[in-house]
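Chemist: Okay, here's the structure, questions in a sec.
The numbers here are math on the coordinates, done by the rules we state, and not lab data. In this text the structure is predicted, and so the values were computed from the model without any measurement. Glycine gets a Cβ as well: all are built from the backbone with ideal geometry, and neighbour counts include every protein chain shown.
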Amino acid sequence: MYSINDTLQSIKRSPVGALVCNLLLVYILFTVTRIIFVCCNTALYSDHITAGYMLSMLAAGLRFDTTAILYLNCWMLLAFLLPLHVKERAGFYRVMRWIFVVVNFIGISANLCDCAYFPFTGRRTTWSVLQEFGGEGNMATILLHESVSYWYLFIVGAAMCWVLWKCFVSPDERWHERFKAKWRYYLAQAAALAVAAVLTLGGMRGGFTTAVRPITISNANQYVTHAVDAGIVLNTPFSIMRTMGKKAFVERDYMTMEEAAKVYSPVHMPADTAQFRPMNVVVLILESFGKQASARGFMPTIDSLAVKGRSFEYSYANGRKSIDGMPSVLASIPSFVEPFFLTPASLNDLSGLAGELSKNKGYTSAFFHGAENGSMGFQAFARSSGFQQYYGRTEYNQDPRYHGDDDFDGTWAIWDEEFLQYYCDKMSEMKQPFMTSVFTASSHSPYRMPDRYKGKFKEGPHPLYACISYSDQAVKRFFEKASKQPWFNNTIFVITADHATAADDPEYITDLGHYKVPVIFYVPSMPELSGSDSTRIVSQIDIMPTVLGLLGYDRSYVAFGQDALKSAPESTYAINYLPGSNWFQYLEGDWMLQFDGDQVVHAYRFKEDTLQKRDLCGKHPANVEKRMKSIIQQYMYRMNHNDMIIR
């Protein structure tokens, strides 16, 4: 008669049980290395980490450990669960033990190395760091010299290697004999493999739903209160894997840094006469609201706001994706080479609009996005750029005034109309002055709208356009409600899109047309700030400096944009990156330059040559090219050296 212990041993020695035991062992060792990491860097953490906060970061770290551990051990899933009788041979699991120890010891060793290396970089080691040192011929000597003072980590590593070997669990080689019929054995193994494959895929991505983008190192920011704490939540194998193949920011030396700063500087200094006015700031980032939809008449509300406020004929996005838009709009960071969220620079200290106003002027700040919390990495970036609160689908569902997931679109987020009403209600509860931003979601594939509106909005050349009309109406109802609130007349409203999309008119399918989006500054108490400006070039990165200019902000800050209302028209510019060709695209004055990082490859007078038919490469002004190079050079340097705030 079997005892409970015999039953547990039987489960443990099954292929599934052994697999789970071995993975749990690696989880435990990763957590131990995380604790050692904190102990080795107490000088960085001792002044602000409490026991409760530490436990929350250890728990959050499991999410990133899951991705790393599953990548390291996906081979074991196949080896243990494939229905092959070769596994019942003597010696098979002895080989598996060796592979298990070697593979996981590499991951653990990487974590231990960062216990020592982290203080020098302020971030977990990434692929770019390995590339940086890849050309060092005496790398072994350097490592040996630098590691002497961390001798104790070698002892810890050896101990963990022994634990991996000693605690490895091998399935019972005769486990298959428990099945009276062979088909039952194959069916059980195949079913276990299928379930494990699904769980592994979700674990590697960081979630299972369609709204979840595979987690990256920037997601660590949503669990921490200080940028340096992200190193605790992350692990080194994850950081290397997620940045592998990603192009690191390549620092350029087109000119000396002193000369570059004279040509252009991202450091904004306050005017001597600056007097701060504590007005509320509300930024609406509208999904896919490209300018072609306006030209086709699908966004009448936005068009009316463009007349009431200050809009611009030449206004552009700085990227092509949603994850490009948020850093550009809220932190004046254009997207170069890779989306900012996906680069190691996402862990840098940032000088965002919310951070400047919350930390230095006592603003209440909050970011709103009706999708699943953590979706697209927005929550992480919101926190790292200074937003104090985040309101997503979870918080919406907890509000008794609304209908919870009855208002969920079934794919991405809460319908825009309901969520924008919720957004207005929450702002009315906030202490003034406040700075908030909302990112809408309904004007997105699969291009659906609430059943009550089906057939109400005219169809366009693309199914997106009817959805834009629905979201445009949601914005109208938001402003109808907001205009009745006591905070309305003391508020600066900014309306823009995250990116353009679904274009078919020739003007909007050029390299420049792909970036045409509205940028509108609407201030009810400033009727003089109305009408369209056809003299200045404006992009998303100008929103932060322009808002701070309207407020009379009296502190220095870092931003790659300009004050769109005060800058001389001839000095305004826009810059973006063409991911298909890996070219920079720069606008200044009448000129548009396309630059491959080494030389200008195309040049157009874009205001008159809207379809880019007449290439004037070589005839463009030298000063325009020089300013572009200065911007790129300083961007790359500041991203690599965590130099995005005034210290």
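Chemist: Working from Cα positions, state the angle (0 to 90°, nearest 10) between the long axis of helix 182-205 and the longest principal axis of the chain.
Modeler: For 182-205 against the chain, the angle is about 40 degrees.
Chemist: For Lys359 and Asp425, what is the calculated FRET efficiency with R₀ set at 35 Å and r taken between the beta-carbons, to the nearest 0.05?
Modeler: The formula returns an efficiency of 0.85 here.
Chemist: Using the Karplus curve 6.51 cos²θ - 1.76 cosθ + 1.60 with θ = phi - 60°, work out ³J(HN,Hα) for each residue of the range 473-481 in order, rounded to whole Hz, and write x for Gly and Pro.
Modeler: Taking θ as phi minus 60°, the curve returns 5, 4, 5, 4, 5, 4, 5, 4, 6 Hz for the range 473-481.
Chemist: Cα centroid distance between the range 43-121 and the range 194-236, in Å?
Modeler: If we compute the Cα centre of each part, the gap is 14 Å.
Chemist: When DSSP beta bridges are limited to those with both residues in the chain, what percentage is antiparallel, rounded to the nearest 5?
Modeler: 50
Chemist: Helix 51-81: angle to the longest alpha-carbon principal axis of the chain, degrees 0 to 90, nearest 10?
Modeler: Its long axis makes an angle of about 60 degrees.
Chemist: Next question, about the same structure. Beyond 16 Å, what share of the Cα-Cα pairs of the range 459-529 is found? Please give it as a whole percent.
Modeler: When all Cα pairs of the range 459-529 are counted, 63 percent exceed 16 Å.
Chemist: Only Lys, Arg, Asp and Glu count, each charged at its Cβ (+1, +1, -1, -1), so figure out the dipole size of the range 505-630 about its Cα centre, rounded to 20 debye.
Modeler: The calculated dipole for the range 505-630 is roughly 180 debye.
Chemist: Under a no-solvent Debye model with one identical scatterer per Cα of the chain, what's log10 I(q)/I(0) at q = 0.08 Å⁻¹?
Modeler: Taken in order of the listed q values, log10 I(q)/I(0) reads -0.67.
Chemist: According to the square roots a ≥ b ≥ c of the eigenvalues of the Cα gyration tensor, what is the shape class of the range 396-511, taking rounded for a/c under 1.5, prolate for a/b larger than b/c otherwise, and oblate for the remainder?
Modeler: In terms of gyration-tensor shape, oblate.
Chemist: DSSP loop GluC sites (Glu not before Pro) in the range 458-517 with at most 16 other Cβ atoms within 10 Å of their Cβ, which ones?
Modeler: Hits after loop and neighbour filter: Glu459.
Chemist: What would the Debye equation give as log₁₀ I(q)/I(0) for the range 25-79 at q = 0.19, 0.29 Å⁻¹, counting only Cα atoms as equal point scatterers?
Modeler: -0.71, -1.18
Chemist: Now for a different question. Give the shape of the range 543-593 as rounded, prolate or oblate, defined through the alpha-carbon gyration tensor: a ≥ b ≥ c are the square roots of its eigenvalues, a/c under 1.5 means rounded, and otherwise the shape is prolate if a/b is larger than b/c and oblate if not.
Modeler: Verdict is oblate for the range 543-593.
Chemist: Right, something else. Against the longest principal axis of the chain, how steep is helix 322-331, in degrees 0 to 90 to the nearest 10, with axes from Cα atoms?
Modeler: The angle comes out at about 60 degrees.
Chemist: Can you list residues whose amide H is under 5 Å from Ser532's amide H, if they're 5+ apart or on another chain and H is modeled 1.01 Å from N?
Modeler: Placed amide hydrogens put Ser311 under 5 Å from Ser532.
Chemist: Give me D for the range 301-360 in µm² s⁻¹, whole number, from Stokes-Einstein with Rh from the Kirkwood sum over alpha-carbon pairs, 20 °C and 1.002 mPa s.
Modeler: Once the numbers are plugged in, D ends up at 160 µm²/s.
Chemist: Determine the relative contact order of the chain: mean sequence separation of Cα pairs under 8 Å and six or more apart, normalised by residue count, in whole percent.
Modeler: Dividing the mean separation by the residue count of the chain yields 17 percent.
Chemist: Please say if the range 299-435 is rounded, prolate or oblate, where rounded means a/c under 1.5 for a ≥ b ≥ c the square roots of the C-alpha gyration tensor eigenvalues, and otherwise the choice is prolate for a/b larger than b/c and oblate otherwise?
Modeler: Rounded, since a/c falls under 1.5.
Chemist: Roughly how many nanometres apart are two label points built 7 Å out from the Cα toward the Cβ at Met255 and Ala622?
Modeler: With each label placed 7 Å out from Cα toward Cβ, I get 1.1 nm.
Chemist: For the range 456-516 and the range 312-370, compute the distance between their C-alpha centroids and round to whole Å.
Modeler: Their Cα centres are 19 Å away from one another.
Chemist: Just to confirm my understanding: which cysteines in the chain have no other cysteine beta carbon less than 4.7 Å from their beta carbon?
Modeler: Cys21, Cys39, Cys74, Cys113, Cys161, Cys167, Cys424, Cys467, Cys617
Chemist: From the helices alone, meaning DSSP H stretches of at least four residues, give me the mean residue ellipticity at 222 nm for the chain, per-run term -39500 (n - 2.57), in deg cm²/dmol to the nearest 500.
Modeler: The per-residue figure over the chain is -13500 deg cm²/dmol.
Chemist: Let me ask something else. Take the residue pairs Lys291/Lys607; Lys361/Lys476; Lys566/Lys629 and return only those whose Cα atoms are more than 27 Å apart.
Modeler: Lys361/Lys476
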